[in-house]
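Taking it in order: structure first as structure tokens, then the write-up.
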Amino acid sequence: MTDLKKFGENIINNLEQVIVGKTQAVELVVIGLLCQGHVLIEDVPGVGKTMLARSLAKSLDCMFNRIQFTPDMLPSDVTGVSIFNQQKREFEFRAGPIMGQIILADEVNRATPKTQASLLEAMEEHQVTVDGITHPLPKPFMVLATQNPIEYEGTFPLPEAQLDRFLLRVRMGYPTPSEEMRILSGQQLRHPIEALKAVVKIKDLLNAIESIRKIYVSPAIERYIIDLVGRTRQSGDVYLGASPRGSLALFRAGQARAALQGRDYVLPDDIKALAIPVLGHRIIVSPAARLRELSADRIVQEVIYNAPVPGGDYQVSKEKEMVKEQ
């Protein structure tokens, strides 16, 4: 697991050359990358949402495409379109910007619901269907979407089905005064992203993604995940709780976090640290709770506080390993 830890540290250290003081946000994005999940970066303007996505793309030796969403965009502007070639007398597929490996969906909530829906198939099934023909997406494939939660004029809130397809929701937050001083000093002559170079090859990234799935998750941790997700459905403050996709997301993200910590097994602390980023955007708060200004993140915090933490051995023993191999 030291190789996976070093692999993750290389990406995180490279990203922190541009993104100052946001170690937790950077780590969550790397977790999303290793899980082959999609990340929603949500915060106010000017805190580095787009820069974080661009920095990740430059840190990887991958094909990067950016989609700037606007209200007048069409689904074909995202997926691509079939054009008739008069010389060959046949239709040719002109790929849209979604046909890449690292996709930045900038201000995704400014597109109409019809255009937002064009991302659903790509994000879940890693393919795009145009005129009845299915086109597989390259590997690895990851969507980094940004949105501003404050300005609602001219926006279309993402529906629950769309939000559920994001593995994590990341919030940047404002920098501290000392961090803001470092930002000002670092950008006096040129932007740090201009000097950023790729530190990971595609082959190594794909191998790391496969290795993450082998991290051991004990039955006690699995029951703990199911208990947490189940409590979001039973809460009286919740209109709609997290789906089974949320349980799987918490499971996968826990494996990735354990690997970044240098462990080959998942601890309850991994699940606790990831519960809000993984489950917070999957919950619809009831109208009564909204009147009390109760947020989804606060509800998940209460669920974590009330759920009993499982005991026992979280590591895989030699006997368990032999049973798995048989």
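Kindly provide the set of residues from the stretch 113-158 that are surrounded by fewer than 13 Cβ atoms within 10 Å (Cβ to Cβ) and among the aromatic types (Phe, Trp, Tyr), ordered by number.
Passing the criteria: only TYR152.
Test of understanding: among ILE202, ILE212, which residue is more than 21 Å from ILE41 (Cβ to Cβ) and touching a helix residue (DSSP H, G or I) at 6+ places or on another chain (Cβ under 6 Å)?
Going through ILE202, ILE212 in turn, the sole match is ILE212.
Mind checking which residues of the stretch 17-48 are part of a loop (DSSP other than H, G, I, E, B), of a type outside the set (Lys, Arg) and closer than 15 Å to VAL170 by Cβ? Lay out the reasoning, then the answer.
Of all residues in the stretch 17-48, those part of a loop (DSSP other than H, G, I, E, B) come to 17-22, 35-38, 43-48.
Subset that is of a type outside the set (Lys, Arg): 17-21, 35-38, 43-48.
Within the stretch 17-48, ILE19, GLY21, CYS35, GLY37, HIS38, ASP43, VAL44, VAL47, GLY48 meet the criteria.
Could you tell me which of the residues PHE69, PHE93 is surrounded by fewer than 17 Cβ atoms within 10 Å (Cβ to Cβ) and of a type in the set (Phe, Trp, Tyr)?
Just a single option satisfies the conditions, and that option is PHE93.
Would you check which residues across the stretch 67-97 are touching a strand residue (DSSP E or B) at 6+ places or on another chain (Cβ under 6 Å) and either among the hydroxyl-bearing types (Ser, Thr, Tyr) or in a loop (DSSP other than H, G, I, E, B) (or both) and list them?
THR79, SER82, GLY96, PRO97
Among the residues of the stretch 217-228, count how many are surrounded by 14 or more Cβ atoms within 10 Å (Cβ to Cβ) and either among the basic types (Lys, Arg) or over 18 Å from ALA249 (Cβ atoms) (or both).
The total comes to 2.
Out of all the residues in the stretch 154-168, is one or more assigned to a strand (DSSP E or B) and in contact (Cβ under 8 Å) with a residue 24 or more places away in the chain?
Yes, there is a match, as at least one residue in the stretch 154-168 is assigned to a strand (DSSP E or B) and in contact (Cβ under 8 Å) with a residue 24 or more places away in the chain.
Yes/no per residue for (1) under 23 Å from PRO219 (Cβ atoms); (2) in a helix (DSSP H, G or I); (3) touching a strand residue (DSSP E or B) at 6+ places or on another chain (Cβ under 7 Å):
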site: ASP270; (1), (2), (3): yes, yes, no
site: ALA273; (1), (2), (3): yes, yes, no
site: GLY280; (1), (2), (3): no, yes, yes
site: ARG290; (1), (2), (3): no, yes, no
site: GLU293; (1), (2), (3): no, no, no
site: VAL303; (1), (2), (3): yes, yes, no
site: PRO308; (1), (2), (3): yes, no, no
site: ASP313; (1), (2), (3): yes, no, no
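Run down GLU92, GLU125 and say which single residue is within 19 Å of LEU163 (Cβ to Cβ) and without any contact (Cβ under 8 Å) to a residue 40 or more places away in the chain.
Just a single option satisfies the conditions, and that option is GLU125.
Please state which one of LEU240, LEU228 is in the same structural domain as LEU260 (by TED's automatic domain parsing) and at pLDDT below 90.
On the way: LEU228 fails: at pLDDT below 90.
None of the other options fit; the residue is LEU240.
If we scan the stretch 278-294, do we find a residue that is among the polar types (S, T, N, Q) and either within 21 Å of the chain's Cα centre (by Cα) or over 17 Å from PRO159 (Cα atoms) (or both)?
Within the stretch 278-294 (the criterion being among the polar types (S, T, N, Q) and either within 21 Å of the chain's Cα centre (by Cα) or over 17 Å from PRO159 (Cα atoms) (or both)), the answer is no, since none of the residues qualifies.
Find all pairs meeting these conditions: Cβ atoms under 6 angstrom apart; at least six residues apart or on different chains; first residue within the stretch 298-317 and of a type in the set (S, T, N, Q); second residue surrounded by fewer than 10 Cβ atoms within 10 Å (Cβ to Cβ).
Short answer, once both residue conditions are applied: none.
Can you pull out the residues in the stretch 234-246 that are part of a helix (DSSP H, G or I) and surrounded by fewer than 19 Cβ atoms within 10 Å (Cβ to Cβ)?
GLN234, PRO244, ARG245
Please go through the stretch 177-207 and pick out each residue that is of a type in the set (A, V, I, L, M, F, W, C), assigned to a helix (DSSP H, G or I) and under 16 Å from PRO140 (Cα atoms). Write out each step before concluding.
Residues of the stretch 177-207 of a type in the set (A, V, I, L, M, F, W, C): 181, 183-184, 189, 193, 195-196, 198-200, 202, 205-206.
Narrowing the set further to residues that are assigned to a helix (DSSP H, G or I) leaves 181, 183-184, 193, 195, 202, 205-206.
Within the stretch 177-207, ILE202, LEU205, LEU206 meet the criteria.
The values are calculated or read from the model by the stated rules, or taken from the named source; none is laboratory data. The structure presented is a predicted model; accordingly, all values stated were derived computationally and were not measured. Every residue, glycine as well, gets a Cβ built from its backbone with ideal geometry; the counts of neighbours run over all protein chains shown.
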